[in-house]
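Structure record follows, encoded as structure tokens.
The values are calculated or read from the model by the stated rules, or taken from the named source; none is laboratory data. Since this is a predicted model, take the numbers as computed values, not measurements. Quick reminder, even Gly has a Cβ in these numbers, built from the backbone with ideal geometry, and neighbours come from all protein chains shown.
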């Protein structure tokens, strides 16, 4: 059920942008999702279909593209990609690391039909 | 059929929430209110821990409690019975508090009057970890009966926490629980997390937790 609030935020954002562009219809939405976000794409789509009812975005297809988790070591500046969140630097074994990508959830672009 | 075109958006879905959360933190700092976002599974002992914590601190600090639940008012009633200023917030079915709901509850509760504001989030180890409420710190409670494997199963919760209370240590003889393993598992996700072993029922272990918390409150509110 944790997909519901994030899908509402997604729907609001898309409708706002589509209205601004005077779209008559939104055909598809490209979403970049960090690999550390464990949202299920099928559930996002199901919620989106319901939440977008009566809006210009109804019927749009969500294209979810995964962004890998990358981390940076604040001690030795090593940047590394990891399948799961891992705060331990593979180069110096330090644990002063920051996640650079992997937590994002943003709309990259929308494909619209103009009147 | 009209023209088809692609519009670049490049906007985070979390942007609206994160902006409100950041403004809330600035407001808390300005109003000298330290806000603790308390998160845990249902039944981990959030309300009992909160009651004992408030009892330990209310001689020094003016304290308010926001109780967030999907429904009912039992937690706010328990607080009121104990003489603690509290407000019940209903999330309307949502599985966690977000920054907008937190801000509205703060306005309604007039929180500038408090030195410490506790927000007991909805009982859940998934959704509350995903949403920044604007609190000064995040604290999670994990209780002995839940098991030492929870940091493996719910990594984000333990990543976003500044402190973790391992609660119900008075039940150790009934449940297998590996202290060393749980500390390693939490620190694997969050090397800076403070970990306190406590019993909200007996008060064991509370001194260190209270010392850490009151030190943070004084630092934030100075």
Legend entry - Members of region B:89-103 that are surrounded by fewer than 20 Cβ atoms within 10 Å (Cβ to Cβ) and either under 19 Å from residue B:137 (Cα atoms) or in contact with a strand residue (DSSP E or B) (Cβ under 7 Å, 6 or more places away or on another chain) (or both): B:90, B:91, B:100, B:103
Legend entry - Check on residue A:59, within 12 Å of another protein chain (Cβ to nearest Cβ) and farther than 20 Å from residue B:11 by Cβ: no
Inset, instruction - Could you tell me which residue of region B:198-213 is nearest to residue A:99 (Cα to Cα), considering only residues that are surrounded by fewer than 19 Cβ atoms within 10 Å (Cβ to Cβ) and free of Cβ contacts under 8 Å to residues at least 60 places away in the same chain? - result: B:212
Inset, instruction - Of the conditions (1) at the interface with chain B (Cβ under 9 Å from one of its Cβ atoms); (2) closer than 30 Å to residue B:122 by Cα; (3) part of a strand (DSSP E or B), residue A:64 clears all except one; give me its number. - result: (1)
Legend entry - Those residues of region B:6-46 which are within 13 Å of chain A (Cβ to nearest Cβ), outside any helix (DSSP H, G or I) and surrounded by 14 or more Cβ atoms within 10 Å (Cβ to Cβ), in sequence order: B:7, B:9, B:11, B:12, B:13, B:14
Legend entry - Criterion (out of contact with any helix residue (DSSP H, G or I) (no Cβ under 9 Å at 6 or more places or on another chain), touching a residue at least 40 places away in the same chain (Cβ under 8 Å) and either farther than 18 Å from residue A:17 by Cβ or surrounded by 13 or more Cβ atoms within 10 Å (Cβ to Cβ) (or both)) met by exactly one of A:83, A:90, A:68: A:83
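What helices (runs of 4 or more DSSP H) lie completely within region B:53-136 and have 2 or more residues being within 13 Å of another protein chain (Cβ to nearest Cβ) and in contact with a helix residue (DSSP H, G or I) (Cβ under 9 Å, 6 or more places away or on another chain)?
On the way: elements: B:74-81, B:99-109, B:127-130.
Per the criteria, B:99-109, B:127-130.
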Inset, instruction - Please tell me if residue A:107 is in contact (Cβ under 8 Å) with a residue 12 or more places away in the chain, more than 8 Å from every other protein chain (Cβ to nearest Cβ), farther than 22 Å from residue B:129 by Cβ and crowded, with 19+ Cβ neighbours inside 10 Å. - result: no
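Given the residues A:80, A:39, A:47, which is the only one that is over 14 Å from the mean Cα position of the chain (by Cα) and under 26 Å from residue B:189 (Cβ atoms)?
Just a single option satisfies the conditions, and that option is A:80.
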Legend entry - residue B:184 being more than 24 Å from residue B:57 (Cα to Cα), within 14 Å of chain A (Cβ to nearest Cβ) and surrounded by fewer than 22 Cβ atoms within 10 Å (Cβ to Cβ): yes
Inset, instruction - For region B:138-154, indicate whether the set of residues that are closer than 29 Å to residue B:12 by Cα, within 14 Å of chain A (Cβ to nearest Cβ) and modelled with pLDDT of 95 or more is non-empty. - result: no
